[in-house]
Amino acid sequence: PYLPWIHDVFPSNNGSNIEFVISNKRRCNTDPNVFKLDLENLEPQVGNMQPIPVKRLKSGNHTQQSNILAGNTPRYSLATSIDEADEDGKATKFICRFQTVDTDLNPVVLGETLSKYPYNPEHLNYRKKGSRPMLTPLDKGHDEQIWNSVYQISCPVPKMIDANGLSLAYVIASGQSVSMPQGIPSIYVDLIPIRTPVRKSREGFGIPGVSSSFDPKVVWGDASMIPLVENSGRWSNIPICNSPKVDEQLEVGTISTRDAPSELNDESSGPTEKKHFLVACVWASQSFSTRGQTAMTDSSEDRLLEFLAYHTQIAGFDH
C-alpha cells in the first residue's frame, strides 16, 4: 500500500531531475460502504504526500553518501526537526537510487538522492479554505478533497562525472543514455517510499509559521533508522527515457494553425502551410456512474460535441 501509483516518468530538459507524476490511489474507490477495506489498506497513499525530514548517518568524518560509488550503501534516519535534517532532506519522502548495468548485465549503482516536492502538498491542503486533515477517519466521513488526487515529485540526478568528463545530467539530457534506433535506456531509477504513519492533523508538520500538535519524537522516536533499500518495498528499474524537447525554438508570430479572418477572403495569399499536425484524444462513455456515488450521468454526447467544436474550430486541432 506504500508504493505510489505512477502516471508518468520523464527527465527534465536539462537532465538534472527525473519527474514523477503520481496519483493518490486512495481516491479511486471512495465509497466506504463498498470499499472500506481498500480505503483502510491504502491509507499510506496519503502519507506519501506528507514531507518528512531525513538525515544521512555519519561514517567517520564523512557521510556514507560520499562512499556510495565505492560500493557502500548509505543509511538514513528520520530527523526530529527540520533543522536537524540534511539540506536536501528537509522535505522529502522517497529515496531515489540510480543504476545501470555492466557488460555482464550486473547492476551498478550510480548514486542515491532524496526526492523533493515542487510544492508541499500538506501546506497546500492547510491553505485551502474549509479543508480538513488529509486523512479523515471513515467513521467521521470520507475525505472528498479532490486537490489531494494527483501530485508530483522530482528525483535529483546524482552529481557525478563519467570517464569522458561528462556529467550524468548531461548524458541524460543529450539522449546519450538511450541507444538508438532501438530506443533502449541504459540508466534506471528505483523509487523507494520512506514508510511513516499518516499525520492526521490539518496543520501537518514543518509548515512555516504554523504550530503543530504532531510530535516526531513521540511518533518516530529519537533515532528512527530507515531500512536499507534492499530490504524496502520499491518500484525498481524504472527506465529513464529521453526528455521531451521542442524540435526548434519558433517565434510565436510565425506559428499559425488557422488563417487570420482578413486572410480568408484573400485568394492571392494562398493556403498557409502548417508545420505540425495536431491531434487530441479523449476517453468518453455514453453513460457512467460517478466514483463512490450512485448517480448516473448520460450527458457525454452533448459534452463530446462541445469538446470537438472547441478543439477543432477554436483551438485549431486537426483531428
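Since every read-out is calculated from the coordinates, none of them should be taken as a lab result. Computed from a predicted structure; not experimentally measured. Backbone-built Cβ (ideal geometry, glycine too); neighbour counts: all protein chains shown.
Which whole-number percent is the relative contact order of the range 136-223 (Cα, under 8 Å, 6+ apart)?
Working: 38 pairs, mean separation 10.0, N = 88.
Across the range 136-223, relative contact order equals 11 percent.
Could you grab the relative contact order for the range 79-214? Cα pairs under 8 Å, six or more apart, rounded to a whole percent.
28 percent
Considering only Cα-Cα distances, which of the following residue pairs are longer than 25 Å: Lys93/Lys128; Lys36/Lys116; Lys55/Lys217; Lys90/Lys200; Lys36/Lys217; Lys58/Lys159?
Correct reply: Lys36/Lys116; Lys36/Lys217.
If you stretched the chain out fully between Asp298 and Leu57, how much longer would it get, using 0.36 nm times the residue separation minus the C-alpha to C-alpha distance?
81.0 nm
Dipole size in debye (nearest 20) for the range 84-207 around its Cα centre, Lys and Arg Cβ +1, Asp and Glu Cβ -1?
780 debye
Provide the FRET efficiency to the nearest 0.05 for the Asp86-Asp8 pair, computing r from the beta carbons and using R0 = 45 Å.
0.95
Would you please give the FRET efficiency between Thr103 and Leu305, computed as 1/(1 + (r/R0)^6) with r the Cβ-Cβ distance and R0 = 41 Å, to the nearest 0.05?
0.10
Would you mind working out the magnitude of the charge dipole of the range 136-234 relative to its Cα centre, with +1 at each Lys and Arg C-beta and -1 at each Asp and Glu C-beta, to the nearest 20 Debye?
Details: 8 positive and 9 negative charges, 18 e Å.
The calculated dipole for the range 136-234 is roughly 80 debye.
Of all the Cα-Cα pairs you can form in the range 118-250, what percent are over 27 Å apart?
Cα-Cα pairs in the range 118-250 separated by more than 27 Å: 46 percent.
Note down the net charge around Gln152, summing +1 for each Lys or Arg and -1 for each Asp or Glu among other residues with Cβ under 15 Å from its Cβ.
Overall, the nearby charge balance is -1.
Can you tally the net charge around Ala284? Count Lys and Arg as +1, Asp and Glu as -1, for every other residue whose Cβ sits under 15 Å from the Cβ of Ala284.
After counting each charged neighbour, the total is -3.
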